[in-house]
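**Student:** A single structure is presented below for examination.
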Amino acid sequence: MKEKIEQIKNASIKEISDAKDQKNLQDIKVKYLGKKGELTTVLRGMGGLSAEERPLIGKLVNEVRDLLEEKFAEKEKLLEVEALKERLRTENIDVTEPSKKIKLGSIHPITQIINEVEEIFLGMGYQIADGPEVEKTFYNFDQLNAPADHPSRDLQDTFYITDDIILRSQTSPVQARVMEKQKPPIKIICPGTVYRSDTVDATHSPVFHQVEGLVVDKNIAMTDLKGTLEMFAKKCLGENTKIRFRPHHFPFTEPSAEADVSCFVCGGKGCKVCKGEGWIELLGCGMVHPNVLRNCGIDPEEYTGFAFGFGVERIAMAKFGIEDMRLLFENDVRFLKQF
Ligand code: DAH
């Protein structure tokens, strides 16, 4: 039996050292040390041995098993290192290979204009104010001196949610909200989305954007308004831009005006962009009506102010040469990424 054990020992040591890979080694382990393995079988056959022989053979088998366990562990480590080396050799990753390009969007022309307008007014010391798009008729109309029979309150013009809640038809209600909260001096602009019950066409959309401006302080005069808007027009549309004022009417300003800018495409000669006029209508403006100041808790005897409001789409269309407003809302990236 001793020889048998010796033979198993020598054969298994050789096989272990010849094992090609981890799988192969595992098979060899099962072959010798597994439940039905050769060495285990020897142990089982020990019943037929004499009482003297049994402990000797038992000891020998245990020694051989310990030795083999050791050999297996050594070889296992060796094969593991080799397997890793092989993986490193075959699975090399090229970290310099360019990755798939992620398609980046671009800043929407409307957002671009709003950003630019904000920059200009921040540079003139204005703050940016904000207000709700779902607004009370009280702020959108009453506080702004627009009486109950004002045409802009008509169902045909404004989206009503309830009798006294609407989608704001202008950014002007933010004026009233700011004046109620803040004591003069006030110097704000408010860019935002507004809603009107208009049918979509090349120059109309039920959803569009405005920028509102409001300045209230002591001794604010019409000249401040003109100077401010002229400065804005030059910065936004080019140094050579001229501005002109035409009398107009808004309930919340008195006097009120509309301002036009000289066409920045043809310089005033007349072209497609200005429709041959040489001028482009830019905005509404005026001196804040005393009633509005009073409504918002500001004494019109002590303070005066000016306000203005303009449409962002109109500027974007003129500036980027976009002829159809619908293109601004279709969100076709092929169109948008041109700007
Ligand atoms: N809210 C006016 C509109 O939507 C624009 C406007 C005109 C705003 C005159 C003003 C202003 O602040 O003073 O047509």
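The values are calculated or read from the model by the stated rules, or taken from the named source; none is laboratory data. For clarity, every value in this text was computed on a predicted model and none was experimentally measured. As a convention, Cβ positions derive from the backbone with ideal geometry for all residues, glycine included, and neighbour counts pool all protein chains shown. Note: areas computed on protein heavy atoms with side chains; ligands, DNA, RNA excluded. Shrake-Rupley method; radii C 1.70, N 1.55, O 1.52, S 1.80 Å.
**Student:** Report, in listed order, any pair from Lys35/Lys75; Lys187/Lys218; Lys31/Lys75; Lys9/Lys59; Lys2/Lys59; Lys234/Lys272 with a Cα-Cα distance greater than 19 Å. Could you put the intermediate results ahead of the total?
**Tutor:** Working: Lys35/Lys75 21 Å; Lys187/Lys218 12 Å; Lys31/Lys75 16 Å; Lys9/Lys59 14 Å; Lys2/Lys59 11 Å; Lys234/Lys272 21 Å.
In this structure, Lys35/Lys75; Lys234/Lys272 lie more than 19 Å apart at Cα.
**Student:** For region 1-49, what's the radius of gyration and Dmax over Cα atoms, in angstrom?
**Tutor:** So, for region 1-49, Rg and Dmax equal 11.7, 38 Å respectively.
**Student:** Shifting gears a bit: Determine which residues of region 193-233 fall in the zone a paramagnetic label at Thr162 would reach in this model, i.e. backbone nitrogen under 11 Å from the point 7 Å along Cα→Cβ.
**Tutor:** None, by backbone N distance to the label point.
**Student:** May I pose another question? What is the gain in length, in nm to one decimal, between Leu84 and Leu43 on full extension, counting 0.36 nm per residue of separation less the C-alpha to C-alpha distance? Could the numbers behind the result be given before it?
**Tutor:** Details: separation 41, 0.36 × 41 = 14.76 nm, distance 3.70 nm.
Answer, rounded to one decimal: 11.1 nm.
**Student:** Full-extension gain between Arg54 and Lys77, please, as 0.36 nm times their residue separation minus the C-alpha to C-alpha distance.
**Tutor:** The span from Arg54 to Lys77 would gain 4.8 nm if fully extended.
**Student:** Same structure, new question: Just in region 81-167: which GluC sites (Glu not before Pro) are loop by DSSP and have at most 15 other Cβ atoms within 10 Å?
**Tutor:** Here the GluC sites (Glu not before Pro) that fit, given the DSSP loop and packing criteria, are Glu91, Glu133.
**Student:** Rounded to whole Å and sorted largest first, list the principal axis extents of the Cα atoms in region 2-90.
**Tutor:** 57, 19, 16
**Student:** Now, a different point. Per residue of region 188-204, what does 6.51 cos²θ - 1.76 cosθ + 1.60 with θ = phi - 60° give for ³J(HN,Hα)? Whole Hz please, x for Gly and Pro, Karplus curve as stated.
**Tutor:** Each residue of region 188-204 in turn: 10, 10, 9, x, x, 8, 10, 9, 9, 7, 10, 7, 5, 8, 5, 10, 10 Hz.
**Student:** Moving to a separate point now. Could you provide, to the nearest whole Å², the per residue accessible area of the chain with probe 1.4 Å?
**Tutor:** Here the residues of the chain average 58 Å² of exposed surface.
**Student:** 5 Å is the cut-off here: which amide hydrogens, built 1.01 Å from N in the peptide plane, fall below it relative to Glu277, excluding neighbours closer than 5 in sequence?
**Tutor:** Excluding prolines and chain starts, which carry no amide H, the hits are Cys271.
**Student:** Ok, one more. Of the options Val333, Leu33, Val81, report the single residue whose Cα projects farthest towards the positive end of the charge dipole of the chain (beta-carbon charges: Lys, Arg +1; Asp, Glu -1).
**Tutor:** Leu33
**Student:** Moving on. For the residue pair Leu104 and Asp154, what label-to-label distance in nm results when each label sits 7 Å from Cα along the Cα-to-beta-carbon direction?
**Tutor:** Distance between label points: 4.8 nm.
**Student:** For region 2-90, with all protein chains present and a 1.4 Å probe, just round the carbon and sulfur fraction of the accessible area to a whole percent.
**Tutor:** On region 2-90, the fraction of accessible area on carbon and sulfur atoms equals 55 percent.
**Student:** For region 273-307 and region 29-65, compute the distance between their C-alpha centroids and round to whole Å.
**Tutor:** Each part's Cα centre sits 106 Å from the other's.
**Student:** Percent of alpha carbon pairs in region 184-339 separated by more than 21 Å?
**Tutor:** 52
**Student:** Then there's this: Going toward the positive end of the dipole of the chain, with +1 on Lys and Arg Cβ and -1 on Asp and Glu Cβ, which of Gln210, Val61, Ile93 do you reach last?
**Tutor:** So the residue furthest toward the plus end is Val61.
**Student:** With charges only on Cβ, +1 for K and R and -1 for D and E, what is the dipole size of the chain about its Cα centre, in debye, rounded to 20?
**Tutor:** In debye, rounded to 20, the chain gives about 1500.
**Student:** Of Gly270, Ile5, Val194, which is farthest towards the positive pole of the chain's charge dipole, taken about the Cα centre with +1 and -1 on the beta-carbons of Lys, Arg and Asp, Glu respectively?
**Tutor:** Ile5
**Student:** Go ahead and collect, in residue order, the members of region 111-135 whose backbone nitrogen is under 11 Å from a label point 7 Å along the Cα-Cβ direction of Phe339.
**Tutor:** Residues 111-115 qualify, since their backbone N sits under 11 Å from the label point.
**Student:** Sorted by mean Cβ packing within 10 Å, highest first, what order do the peptides 182-194, 305-317 take?
**Tutor:** Result, highest mean first: 305-317, 182-194.
**Student:** Then there's this: For the chain, what is the Kirkwood estimate of the hydrodynamic radius, computed as the reciprocal of the mean inverse distance between distinct Cα atoms, to one decimal in Å?
**Tutor:** Across the chain, the inverse of the average 1/r is 26.8 Å.
**Student:** Under DSSP H, which helices of the chain have Cα atoms covering 15 Å or more of the helix axis and a Kyte-Doolittle average no less than 0.5?
**Tutor:** TM-like helix candidates: 109-123.
**Student:** If the chain between Asn92 and Ser17 were fully stretched, how many nm would it gain, using 0.36 nm times the residue separation less the Cα-Cα distance? Kindly include the intermediate steps, with their values, before the conclusion.
**Tutor:** Values: separation 75, 0.36 × 75 = 27.00 nm, distance 2.91 nm.
Gain on stretching Asn92 to Ser17: 24.1 nm.
**Student:** Leaving out ligands, DNA and RNA, and with a 1.4 Å probe, what % of the accessible surface on region 218-315 is carbon or sulfur?
**Tutor:** Ligands and nucleic acids excluded, carbon and sulfur give 50 percent.
**Student:** If a cysteine in the chain has no other Cys Cβ under 4.7 Å from its own Cβ, put it on the list, ordered by number.
**Tutor:** Cys190, Cys236, Cys285, Cys296
**Student:** Principal axis extents for region 90-195, Cα atoms only, whole Å, descending order, please.
**Tutor:** Principal extents (Cα only, largest first): 81, 35, 21 Å.
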